[in-house]
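Here the structure comes first, spelled out in structure tokens, and everything after it is commentary.
The values are calculated or read from the model by the stated rules, or taken from the named source; none is laboratory data. Everything numeric here is computed off the predicted structure, so don't read it as measured data. Because the Cβ atoms are built from the backbone with ideal geometry, glycine has one as well, and the counts that use them run over all protein chains shown. When the accessible area is computed, the model is the full protein with side chains, heavy atoms only, and any ligands, DNA or RNA have been set aside. Shrake-Rupley method; radii C 1.70, N 1.55, O 1.52, S 1.80 Å.
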Amino acid sequence: MSVSTAGRGAMAPLLLLCAASGLLLAAVAAIPPPEEAARMARYVLHSCDWGALATLSAQEGLRGRPFANIFSLSDGPPGPCGGSGVPYLYLTDMEISVQDLEVNSNASLTVSLAQTPYCRKHRYDPQNPLCAHIIFVGSIVKVNDSEADIAKKALFSRHPEMETWPKDHNWFFAKFNITNIWVLDYFGGLKIVTPEEYYSVKP
């Protein structure tokens, strides 16, 4: 089917808009370069739906020993906007790691691009530094009422199953209060990022 000259002229702006949108989406999806460690930390966290939370165990027989457990998390709804950078969690006092946190709220949180298609696409082993992972150190704190709606939107948008979890488990929203950040995304060792640097960058 042929298109008239007038029709081609009308379509040109639309084609340009589509091309520009494609370039924008490609730029948004692009992983930050290794020299931008703070942006990399924000990128990896926002790309991940879960992480490994390590506590000091308060359980009988394990007291004082490191204890790692998997938790669903979110720093905001999925998409290219980048999230807030704050790792939110949905917790219950019935969970053994939360019982550890009630004794000692200090913890570390590791998130890795190994859980995303990125490392699989490039055939990076999870231990390969190019399969970036971030280690956060800090503490777990309950969010206040004004922040609970933000946490709920962040978590339920990624983990809709959470809305159906048993109400008698007394779930509550919490966040990881970051004090230290280590980035491993390239060869040559860990990079240190301050919380101030982390929150000031645009992912």
- Volume in Å³ per residue [convex hull over Cα atoms, computed for segment 136-203]: 142 Å³
- Under a GNM of the chain (C-alpha, springs under 10 Å), which listed residue has the highest mean-square fluctuation: Glu60, Glu36, Glu147? Glu60
- Rounded to a whole %, the carbon-and-sulfur portion of the accessible area of segment 37-200 at a 1.4 Å probe is 55 percent
- What does the accessible area per residue of the chain come to in Å², with a 1.4 Å probe and no ligands, DNA or RNA counted? 57 Å²
- Cα-based Lys proximity count in segment 37-200, under 28 Å, for pairs eight or more positions apart or on separate chains: 11
- Task: Could you tally the net charge around Ser157, taking each other residue with its Cβ under 15 Å from the Cβ of Ser157, Lys/Arg +1 and Asp/Glu -1?
- Result: -2
- Note on the structure: Total charge of the residues flanking Pro77 in space, meaning their Cβ is under 9 Å from its Cβ, with Lys and Arg +1 and Asp and Glu -1, is +2
- Item | Residue-by-residue Karplus 3J(HN,Hα) for segment 72-87, coefficients 6.51, -1.76, 1.60, Hz, glycine and proline x | 6, 8, 6, 9, x, x, x, x, x, 6, x, x, 8, x, 8, x
- Between beta-carbons, use under 15 Å as the cut-off and find the net charge around Phe173, counting Lys and Arg +1, Asp and Glu -1. -1
- Query: Which whole number of Å³ per residue matches the convex hull of the alpha-carbon atoms in the chain?
  - Reply: 183 Å³
